Amino acid sequence: MTRQSSRITPVVLTLLSYTIIGLLIVLPVALILHEALRQGLHTALETLKDPEARSAIRLTACVTAIVTVINTAGGIAAAWTLTKYDFRGARLLVSLIELPISVSPVIAGLVWLLLFGRQGWWGNWLGHHGLHIAFAVPGIILAALFVTFPYVARTLMPYMEQQGRAAEEAAFLLGAGFWKTLIHVTLPDAGWALLSGILLTTARAMGEFGAVAVISGHIPGVTETMPLHIETLYNGYQSVAAFAMAALLVLVAMTTVLIRMFLERSFRKQHP
Amino acid sequence: MKLLTVTGLGSFPRRRQTLPGFSLSLGLTLLWTGLLVVLPLTALLLRPWQHGLSPMIHALHDARMYAALRVSFICAFLAVLIDLPIGLLLAWTLVRYRPPGHRAVDALIDLPFAIPTAVTGIALATLYGPGGWIGAPAGKLGLKLAFSPAGIVIALTFIGLPFIVRSVEPVLRSFPKDVEEAAFLLGASGWQRFCRILLPALAPPLLSGAGLAFARSIGEYGSVIFIAGNQPFHSEVAPLLIVMRLQEFNYDGATSIALILLVTALLCLIAVSHLRRSVSSGLVREDGA
Amino acid sequence: MSITLEAFTQYAPRSSRKLLDNIALTVEDRAFVALVGPSGAGKTTLLRAIAGLYSHSEGTLLIDGLPIHDRPVQDRGIGFVFQNYALFRHMTVARNIAFGLDVLPRARRPDRAAIQRRVTELLDLIQLPHLAKAYPDQLSGGQRQRVALARALATGPRLLLLDEPFGALDPLVRRDIRRWLRDLHDRMNLTTILVTHDHEEAMDVADTLVVMQEGRIVQAADASTLNGAPQTPFVMEFLGETLKFPGIVRAGQFVPDNTDIAPFPFEGPDGDATAFIRPHDVFLLPGAGQASVEKRPHFSNGLFRYQIVTAEAAFEMITPTDLSPQEMQNVRVDISRGKIFYPAAASEDPPKPA
Amino acid sequence: MSITLEAFTQYAPRSSRKLLDNIALTVEDRAFVALVGPSGAGKTTLLRAIAGLYSHSEGTLLIDGLPIHDRPVQDRGIGFVFQNYALFRHMTVARNIAFGLDVLPRARRPDRAAIQRRVTELLDLIQLPHLAKAYPDQLSGGQRQRVALARALATGPRLLLLDEPFGALDPLVRRDIRRWLRDLHDRMNLTTILVTHDHEEAMDVADTLVVMQEGRIVQAADASTLNGAPQTPFVMEFLGETLKFPGIVRAGQFVPDNTDIAPFPFEGPDGDATAFIRPHDVFLLPGAGQASVEKRPHFSNGLFRYQIVTAEAAFEMITPTDLSPQEMQNVRVDISRGKIFYPAAASEDPPKPA
Amino acid sequence: ADYHLLNVSYDPTRELYSDINHAFPAFWSKTNSGDSVVVTSSHGGSGAQARSVLEGAPADIVTLGLAYDIDILAQNGLLATDWQKRLPHNSTPYTSTIVFLVRKGNPKNIHDWPDLIRDGIQVVTPNPKTSGGARWNYLAAWGWALHQPGGTEQSATAYLKALFAHVPVLDTGARGATNSFVQRGLGDVLIAWEDEALLASRDLGPDKFDIVVPPLTILAEPPVATVDRNVQEHGTEAVSRAYLDFLFSPEGQRIGARHYFRPVDPAIQAETAAVFPHTTTFDVASLGGWTRLQKAHFSDGGVFDQIYSH
Ligand SMILES: Nc1ncnc2c1ncn2[C@@H]1O[C@H](COP(=O)(O)OP(=O)(O)OP(=O)(O)O)[C@@H](O)[C@H]1O
Ligand SMILES: Nc1ncnc2c1ncn2[C@@H]1O[C@H](COP(=O)(O)OP(=O)(O)OP(=O)(O)O)[C@@H](O)[C@H]1O
Ligand SMILES: [Mg+2]
Ligand SMILES: [Mg+2]
Ligand SMILES: O=S(=O)([O-])[O-]
């Protein structure tokens, strides 16, 4: 179908899009790596050994893990409920689940303050009972939970929708109960979509800034996640350390993206 | 999603679901959604009224808020407008031409989503600032990119790009080859095939991608504040104003603006989905997004 | 295993639309029943109802005399083969087949070796012993179909429900596999209900055919009853190529409107009526009329197909004899083996057989 | 419009695998040709090649004596109907049909009214005048199929290429629409090439059948030639239910291995051979042997199907006569109307007809 | 450690408190028989930091950019309203002033406040709504304008309006503004804390920046306090108090001077006089005091908002 006349178009369009990618995405990433390595790899790595840096990395890993587990579990339950059953109010539930995507990160932090800040509804009372949520790790987790809330459900739902219910019904008729069907039949088949949702959640949870900034209080070693610590470092004229940590986050982000791509590819190969 | 029918509301007996586990999974879903979304948003809904109507009325009379909303919305709109052709071009190149390195590029596209927004902000501000790799040459040409609304648009373009590409890509990939061939055999030129056959099919995903990018953009904070300039009435975005009100210990004001921002964002999303529905007339089978 | 439905009505989810309307059906133990009917007739719905895949229904549905939901799924002894197999794509063929055993509660689950043995046995049965390790996506349609069957048989069900299991297969393979299925049914003492929209297939394999239309059972009988005494024009038309000749019943005779067609005796009330007949039941009365006959291209099974051209219409007949040119001129048409239906019968009333 | 292919070889995109291998085929102007063959035989590939949808091929492909790529698409006069219609989902039926006219360069494009008229005309032709404003997703399979046809016909092509156009239709509708297509072909003086995997359909509608296997043409002939003188066992088997009896040719006789089957005279070289025969060409010689016969359930078109049980094997025959019980005992089987193929023929060599 | 202290501070004190936090434990264990203490400090725009504490950040000590931010905490019951009387010098261990940082060689020839509003000059200063330092900057300009012959509130407002018209970017904190000027090369002049400016010109880029001290500027007094409610909860009253005392001690004062914060101890003042350029200053009290200024200028709809409203 392609005639000689159109041989040139692919080349032009490819060059154009590669240029755009270069300017818009590669350049900022290159800048981050460039700044991080300005004083050599060794210095960059040294900065990551700083106790506050390490505690930021630890906190980020911990928050990410908790958030990913909770939102994955919730996302699976939601996707399953919404695609495998018919019930009234399903549409409303879908809208609610997707809502956080259109909520500003700042608001995502703010809403928790309204509940758990000292000026909020329950913050004082909880504080008196020794429970600190705002400006402590639980608050950060809540903010990250809110921001990454929809991703697993959103990636799973279209896939499960298209899966239909036949396999589940078959499993049911073969005597499998809810858990067995979910674990042995539905999830393995939706594996790729699930993983890609999890990776999105992970990436976003690690990198969240606005929401966490509102509720964190920037307490180094206690409530500073990596993105917040990057800001602190940058403001402390420790540009190399800041960019080294940023580069670390970028590398992790790239890894998740690569894993996602790889999974997708092997998935396509398996189910052509 | 099947449509909810209104017929026979409550006129038939309660039915059990075919598959087991309905109450369990619905319960988990409701608990999860209730605690993490409904509860905090309820707080946001109620808080502005806690001290009567006046904070909200005051917020509604605040020209600065309107200016900030305008900046947020216009910049987000422009960014999406820029993202649309770029996203379409990228998706097209990756899916159709599969040029050398397309896999790597495909992976790169998700980066804006994954890189922490603050890092994005610092990197872009450095890059496009007066001394930056791009900012310096642009400055010589008399272009001021960073610390102006143009900076906001740049940051939001960066943030929104993956949304467009990722929603167009699968539709483009699964677009039936024979439909294009049919058009070819009926004599349509390459351009005619693109405009009359592909574009209408891509319009719904483009729109929903645009809707998502837009919603994300108007709320964007981290990547914007570093590059925006943050001048009231000029380059101050709505989320920053919320933070500012908080800083003034003005919770009622902050929540009022937050609520207004949220409601406007939702209205925009609803408008987009309506638009999308009218664009996809005839495409009865929606693509589940 | 016997199945009894009485006044069984099934509603569409979240609506008051009836998918099945007042169904009465009894399936005896060890019967082989085929559900046939046009698309949308409710065949799948009925099959799924019997499997217990719906719950919002009215009326009686008894399996071996017990309401279906009274027993846990594992004890129901029902094997179900889905229209497009619903195999578990991420499991090997062997794991697919073993699934029903794997998910048994530990107390009742056979040990690994026993499950392995059962799988091997079933793989032999479906003649695919070499494919144990393959994934469903690597199989052809016919192979998938057999794997789905093996999976349904693994737990030793006594009732087998099959939803258009041969839909995706090519005609020659189809025949083989349906024979094999019938054989299996007989050997294993199963009760089998098969959904198909192919009436020839149904007649070939089943003892009883249940003809469905718009959520109701129009007629349930064996093949020769259905052929000899179809209850409604719909049944007649659905079960094969049918020619229709409108006419009138008068004084113990059916007189077709088309004068090239010979009237014939028929006992019934006077009035407008239509004769329905299969092309192979049409005979020619050479020299007795005005119609002419043309030979059509090759037809199957050693039969010939002729086009009969009358002044008013053209239609086709089928016959095993190769007509000579003189037999093809000035013919009159004999449709006395046809069935007469009165107009009302077209909708609801029980018709009188011709 | 005539088509000539000579030594035509088509490679898979970006590989050296041959999808079509050394094809030679001539399609006369106004011919109705059916391409038949099992799945993967290359039918679609050949049709697409003729439409000019490939560019990387070897050999000659001439349309009306000219290489296909020498003319712009609009001037080729080819209408193509895709297997799953490939309708434009976002356009109404009318806009779909008008598409080929809408995209003509302004200079050659008819004015709006003329296009409108043509669309109306085609909608009438396909008997769907009321559906002009409907969208493809709102149509049934049969309706879509006809819209696809109308769209292909809008620009007045002289060559019509159809890829399994009836795949999704139910058997009764299929017959009607294929008759209608044949009619259209005759009325509009088209040259038509139809891909199908249903040999009965091909025989019913086409003048010439082209049987394909693994990218090659095995035989191209009319239906009776194919039936009377199939070139290979594959052709024979592909064109209908076939029984196979191995045996040996010796001294002017074919002697089946199965002793319940009567030997019959056959002129050919001595050696191992196999007789292929259709079930309806089998006859019984009652009282002449050891085999017994059982009646099978109902079969179509007034025919009967019997199972013949010999000491060595069981197989089925079809006959229009209802056998009496004594005719069913101690029979010998007459297969003298079968065709004999020698082993080599099973793969490549041109066979000798029996 | 026996004690953990959290010092919630403002932006330009990162380096200062980093040193103090190192020095203090030794000081403490000397007087308290080996008790160990670890101090962490958190930095950000002064207003944002005050809000964190107000909302529940577990600060033992606040060392903020201006008294008003601590007043807010006091008004909400986190500490006594007379907190400023509890320590010497109005609880201000160091003072500072507001100065100009310009590019090396002062190419735009900037010497005094009027130079800032010349055509083509770009001024970098953070947002007074979110940054304490920015409020000092703002008030320095305001006070200077009032002190001019014939200076009135109108003329001062007009000056500020002209000044902010030259500001291309409003960062949220003092450090953000410094970064814009220093790292991203934005603007011709940065209005900054004296300590911030000295740090930048002497430590970050001796060859890149010059300091310009305007003849008349404000005396900035960033105060410190313990957060009573939190220290009671944490049981850290004594050690927190000791931390603040340490700031006033000679050692604390010297560390401050090392980071270009002006000591309040006269002895140390004399000792380090060479570090600090001489200038004339006025204080906040002379402008009407924080509460009045805050309300008139920085509250919603105040003078600062009017500057920007069209
Ligand atoms: N979940 C459902 N909700 C609403 N209507 C349904 C549902 N399932 C089936 N139907 C409707 O019930 C009717 C019967 O459907 P069913 O699937 O039983 O038909 P069928 O006889 O199996 O047809 P086919 O031969 O096409 O498979 C159809 O009109 C269908 O649209
Ligand atoms: N684009 C392609 N790349 C590689 N192989 C192809 C391609 N298109 C078709 N083939 C292969 O060429 C062979 C012939 O395919 P084709 O579609 O022509 O078969 P067909 O006769 O139309 O079969 P069916 O009846 O299933 O439609 C098949 O083995 C197929 O896998
Ligand atoms: Mg069905
Ligand atoms: Mg094909
Ligand atoms: O730290 S500041 O309050 O001066 O920005």
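Side notes on the structure shown:
- For segment C:3-236: span of alpha carbons on each principal axis (Å, largest first): 53, 41, 32
- Sorting the segments A:11-19, A:61-69 by their mean number of nearby beta carbons within 10 angstrom, highest to lowest, gives A:61-69, A:11-19.
- Neighbourhood charge, 12 Å Cβ-Cβ cut-off, centred on residue A:230 and excluding it, Lys, Arg +1 and Asp, Glu -1: -4
- Across the identical copies, the 7 Å label point of residue D:117, projected outward along Cα→Cβ, sits 8.3 nm from its counterparts, in ascending order.
- Whole-number percent relative contact order across chain C, with pairs defined as alpha carbons under 8 Å at least 6 apart: 16 percent
- Projected over all directions and averaged, the alpha-carbon convex hull of the protein assembly as shown occupies 70.7 nm².
- Normalised per residue, the volume of the convex hull around the Cα set of segment A:38-155 (Å³): 164 Å³
- Charge dipole (chain C, unit charges on Cβ, about Cα centre) - positive-most of C:49, C:22, C:321: C:49
- For the residues of C:299-308, the average number of beta carbons from a partner chain within 10 Å of their own beta carbon is 5.
- Tail weight of P(r) past 29 Å, computed on alpha-carbon pairs of segment B:53-288, percent: 38 percent
- Between A:20, D:63, B:195, the Cα set farthest toward the positive side of the dipole of the protein assembly as shown (charges on each charged residue's Cβ, about the Cα centre) is that of A:20.
- Shape class for segment C:147-259, computed from the alpha carbon gyration tensor (a ≥ b ≥ c): prolate, with a/c not under 1.5 and a/b above b/c.
- Summarising the rotation from chain C to chain D, the nearest chain C beta-carbon to the axis and its distance in Å are given as C:320, 2.
- Chain A shape via C-alpha gyration tensor axes, a/c threshold 1.5: oblate
- Kirkwood Rh (inverse of mean 1/r, distinct Cα pairs), segment D:41-121, angstrom: 14.9 Å
- Simple Cβ-charge dipole of segment D:3-236, Lys/Arg +1 and Asp/Glu -1, about Cα centre, in debye nearest 20: 1020 debye
- Partners of residue A:84 within straight-line reach, counting aspartates and glutamates whose Cα lies under 19 Å from its Cα and excluding those fewer than 8 residues away in the same chain: A:98, A:161, A:168, A:169, A:189, B:286, B:287.
- Here the translational diffusion coefficient of chain E follows from Stokes-Einstein with Rh set to the Kirkwood radius across Cα pairs; for 37 °C and 0.692 mPa s it amounts to 166 µm²/s.
- Value of relative contact order over chain B, rounded to a whole percent, pairs C-alpha under 8 Å and six or more apart: 27 percent
- Shielding by partners - mean other protein chain Cβ count within 10 Å, residues of B:41-51: 4
- Mean Cβ count within 10 Å, highest first, over the residues of peptides A:222-229, B:135-142: A:222-229, B:135-142
- Links that overshoot a 22 Å alpha carbon limit, given the list E:85/E:129; B:140/E:129; E:161/E:295; C:43/C:339: E:85/E:129; B:140/E:129; C:43/C:339
- Among the residues of E:123-132, the average count of other protein chain beta-carbon atoms within 10 Å of the residue beta-carbon is 3.
- 7 Å along Cα→Cβ, label-point gaps from residue D:271 to other copies, nm, shortest first: 7.3
- In plain terms, the chain from residue B:273 to residue B:140 could stretch by 43.6 nm, reckoned as 0.36 nm per residue minus the Cα-Cα distance.
- Options A:41, A:241, A:174, ranked by Cα towards positive dipole end of chain A, top entry (Cβ charges): A:174
- The charge dipole of chain B, taken about the Cα centre with unit charges on the Cβ atoms of Lys, Arg (+1) and Asp, Glu (-1), comes to about 600 debye, rounded to the nearest 20.
- Span from the segment A:187-262 Cα centroid across to the segment D:44-66 one, whole angstrom: 55 Å
- Most to least packed among E:185-197, A:159-171 [average Cβ atoms within 10 Å]: E:185-197, A:159-171
- Unit charges on C-beta of K, R, D, E only; dipole of segment C:241-343, Debye: 180 debye
- Ignoring lysines fewer than eight residues from residue D:133 along the same chain, the ones with Cα atoms less than 27 angstrom from its Cα are B:2, B:177.
- Length-normalised contact order of segment D:241-343 in % [C-alpha pairs under 8 Å, at least 6 apart]: 32 percent
- At 7 Å out from Cα toward Cβ: residue C:137 inter-copy label distances (nm, ascending): 2.6
Laboratory data are not the source of any read-out in this text; all were calculated from the coordinates shown. All of these numbers come straight from a predicted model, not from anything done at the bench. Here the Cβ is made from the backbone with ideal geometry for all residues, glycine too, and neighbour counts use every protein chain on show.
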